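Enquirer: Handing you this structure, nothing more for now.
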Amino acid sequence: MRVFRFLKQRRREIRPSEEEMSNARIIMSKVSSSNELDIADRAAKLKSIIEGYIHGDRES
């Protein structure tokens, strides 16, 4: 019985508060959106390089 009480108490200690979860969601949304923009920017640059090679605009 004592083990179960300990586990319930431990679970409460580990679980973050609603405010902490809200702050984490805000931070994660900013991080993921900036990563997505970074990936889109890299993809655009790569596409530009490839098109440049195909059309002979860039030197090899």
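Enquirer: Determine, yes or no, whether Lys30 is under 29 Å from the mean Cα position of the chain (by Cα) and modelled with pLDDT of 85 or more. Let's see the steps before the verdict.
Expert: Values: under 29 Å from the mean Cα position of the chain (by Cα): yes; modelled with pLDDT of 85 or more: no.
No, not satisfied.
Enquirer: Working only within region 46-58, note down all residues that are part of a helix (DSSP H, G or I) and surrounded by 10 or more Cβ atoms within 10 Å (Cβ to Cβ). Talk me through it step by step, then tell me what you get.
Expert: Keep residues of region 46-58 that are part of a helix (DSSP H, G or I), which gives 46-55.
Correct list: Leu46, Lys47, Ser48, Ile49, Ile50, Glu51, Gly52, Tyr53.
The values are calculated or read from the model by the stated rules, or taken from the named source; none is laboratory data. It should be emphasised that the depicted structure is a prediction, and the values quoted were computed from it without experimental measurement. Every residue, glycine as well, gets a Cβ built from its backbone with ideal geometry; the counts of neighbours run over all protein chains shown.
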